[in-house]
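Participant: Quick one: this structure, given as structure tokens, is what I'll be asking you about.
The values are calculated or read from the model by the stated rules, or taken from the named source; none is laboratory data. Please read all numbers here as calculations on a predicted model, not as lab measurements. For neighbour counting, all protein chains shown are included, and Cβ atoms are generated from backbone atoms with ideal geometry for every residue, glycine included.
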Amino acid sequence: MGMTEAQKKMQTQRIQQFEIEQVKISEILPNAPLSLHRHEHPRVLIVLSSGTMNIVEQDGATERHVWETGKSLLVASELAYDAADVNAGDNPIEVVVVELKQEK
């Protein structure tokens, strides 16, 4: 079954630019929600270009995060629930995501 144009526009809009075992660099396009997902590992975000990210839970509850260029954010634990991310601004947000995939 094919997708409508509206469905294509609402698809995940995170462009993966680079990934190796523990590092991935992504660009998050504006006003294009990511699908519901769960983070399995702690991670560090290094913000290359700033923006406002809304984290939307399955029930619609929303947390608003302002990510500033040059800042690093530690997300110390895995996300225990499914959520979708939305870049609420007009410009892409670029982040380096370092996932701590190997536990000691």
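Participant: I'd like the full set of residues that are of a type outside the set (Ser, Thr, Tyr) and outside any strand (DSSP E or B), limited to the stretch 65-74. Break it down into steps so the answer makes sense when it comes.
Facilitator: Here is the first cut: in the stretch 65-74, the residues of a type outside the set (Ser, Thr, Tyr) are 65-68, 70-71, 73-74.
Correct list: GLU68, GLY70, LYS71.
Participant: Right, something else. What pairs can you find where one residue is in the stretch 88-104 and at pLDDT 75 or above and crowded, with 17+ Cβ neighbours inside 10 Å, the other is among the hydroxyl-bearing types (Ser, Thr, Tyr) and not in a strand (DSSP E or B), and their Cβ atoms are less than 8 Å apart, with a gap of 6+ or different chains?
Facilitator: ILE93/SER50
Participant: Further question on the same structure: Restricting to the stretch 15-63, and then to whatever is within 10 Å of ASP85 (Cα to Cα) and of a type in the set (D, E, K, R), can you tell me which residue is modelled with the lowest pLDDT?
Facilitator: So, considering only residues that are within 10 Å of ASP85 (Cα to Cα) and of a type in the set (D, E, K, R), the one modelled with the lowest pLDDT is GLU57.
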